[in-house]
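The values are calculated or read from the model by the stated rules, or taken from the named source; none is laboratory data. Being a predicted model, the structure only gives us computed values, none of them experimental. Heads up, the Cβs are rebuilt from the backbone with ideal geometry, glycines too, and the neighbour counts pull from every protein chain shown.
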Amino acid sequence: MSQGKKNSQAKEVWKRLKKNKSAMIGLAILVMLTVSAIFANVIAPYPYDEQNLSELLKGPSAAHLFGTDNFGRDIFSRVLYGGRISLIVGLISVAIGCGVGGTLGAMAAYYGGRLDTVIMRIMDVMLAMPNLLLAIALSACLGPGLFNAILAVGISNIPTYARVVRASVMTVKTQEYVEAAHALGVKNRRIILKHIIPNALAPIIVQASLGVAGAILVAASLSFIGLGVQPPTPEWGSMLSAGREYIRNYWHMVTFPGLAIMLTICSLNLLGDGLRDALDPRLKR
């Protein structure tokens, strides 16, 4: 596929995406959250771990936009820094799941036979356990911490991407241009990298955009039960866990981290749905 054709297709996808108002709202929210997380050290009015015992459990005010927690720390600053952790976990874990699962799925679909059977039966065994429970089991074995949380969420995502990529590759490998490449004696590796993967990207991109949302939610759940990112590092799930004891009298401790999770998940889902429609014109409503 020529570079000009790729650019033309990308422009067409962007044109269709821009017409989807929900997707553009999701993209705008996601950009805002991402910029806030990246420049948290500039935007945050206080260090995320700075304690002020004279201002414990204060409600939202001009000095503290989201109030303070049970250690007198500024919740607005912690939510901003927590966005960094959540986005890092979401992006890297999806990269792990997509990279490993995509490779296994592509191999299973392209080579077929016994290799396909072995790989997909292993994926079926992993899929037999719900994604969150698998991540909890892996995190419990590996131990708490940021790196282990990323690894646990990433491994739990592998079966999903393996199945998506396998289905997509099986559709593409029967196309005439792939058969022509075989007839010309092109090596399998080149066929996979140059012909099959680029033409099977659409469902993978959609799944990845939606997968980041799921990964952030799973990571927050792990932190909520103490198996993810550990205090005092700010993470939205652990902030919810710390605030649940005070929810009756100090609503702000759980409201703002919860809203951050909700906005992030909602924006990614809106963008993912828009990408699905933009990448496949047949789904246009």
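Listed residues LEU227, LEU275, LEU240, LEU259; which is touching a residue at least 40 places away in the same chain (Cβ under 8 Å) and part of a helix (DSSP H, G or I)? Outline the logic, then answer.
On the way: LEU227 fails: part of a helix (DSSP H, G or I); LEU240 fails: touching a residue at least 40 places away in the same chain (Cβ under 8 Å); LEU259 fails: touching a residue at least 40 places away in the same chain (Cβ under 8 Å).
Being touching a residue at least 40 places away in the same chain (Cβ under 8 Å) and part of a helix (DSSP H, G or I) holds for just one of LEU227, LEU275, LEU240, LEU259, which is LEU275.
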Condition check for LEU151: farther than 30 Å from LYS187 by Cα, in contact with a helix residue (DSSP H, G or I) (Cβ under 8 Å, 6 or more places away or on another chain) and modelled with pLDDT of 90 or more: yes
Which numbered condition MET107 misses (of (1) over 26 Å from LEU217 (Cβ atoms); (2) under 17 Å from the mean Cα position of the chain (by Cα); (3) of a type outside the set (Lys, Arg)): (2)
One residue from THR160, THR171 being over 23 Å from GLY90 (Cα atoms), surrounded by fewer than 23 Cβ atoms within 10 Å (Cβ to Cβ) and at pLDDT 80 or above: THR171
Any hit, the stretch 188-199, residues being crowded, with 21+ Cβ neighbours inside 10 Å, under 21 Å from PRO144 (Cβ atoms), in contact (Cβ under 8 Å) with a residue 40 or more places away in the chain and not aromatic (Phe, Trp, Tyr): no
Tally, over the stretch 22-46, of residues that are under 20 Å from ILE265 (Cα atoms) and out of contact with any Asp or Glu (no Cβ under 9 Å at 6 or more places or on another chain): 15
Check on LEU91, over 17 Å from the mean Cα position of the chain (by Cα) and surrounded by 14 or more Cβ atoms within 10 Å (Cβ to Cβ): no
Positions within the stretch 133-161 being touching a residue at least 40 places away in the same chain (Cβ under 8 Å) and more than 17 Å from CYS98 (Cα to Cα), in sequence order: ILE136, SER139, ALA140, PRO144, GLY145, LEU146
Residue match in the stretch 55-74 (condition: in contact with an Asp or Glu (Cβ under 9 Å, 6 or more places away or on another chain), over 28 Å from ASN249 (Cα atoms) and modelled with pLDDT of 90 or more): no
In the stretch 34-88, the residues that are within 21 Å of the chain's Cα centre (by Cα) and more than 19 Å from GLY243 (Cβ to Cβ): THR34, VAL35, SER36, ALA37, ILE38, PHE39, ALA40, ARG84, LEU87, ILE88
Residue match in the stretch 200-221 (condition: farther than 22 Å from ALA137 by Cβ, in contact (Cβ under 8 Å) with a residue 40 or more places away in the chain and polar (S, T, N, Q)): yes
Where PRO257 falls short, out of the listed (1) at pLDDT below 90; (2) more than 19 Å from GLY145 (Cα to Cα); (3) under 20 Å from the mean Cα position of the chain (by Cα); (4) crowded, with 18+ Cβ neighbours inside 10 Å: (1)
Matching helices (runs of 4 or more DSSP H) fully within the stretch 1-104 where at least 2 residues are touching a helix residue (DSSP H, G or I) at 6+ places or on another chain (Cβ under 7 Å) and within 19 Å of ILE216 (Cα to Cα): 21-38
Check on ILE122, crowded, with 17+ Cβ neighbours inside 10 Å and assigned to a helix (DSSP H, G or I): no
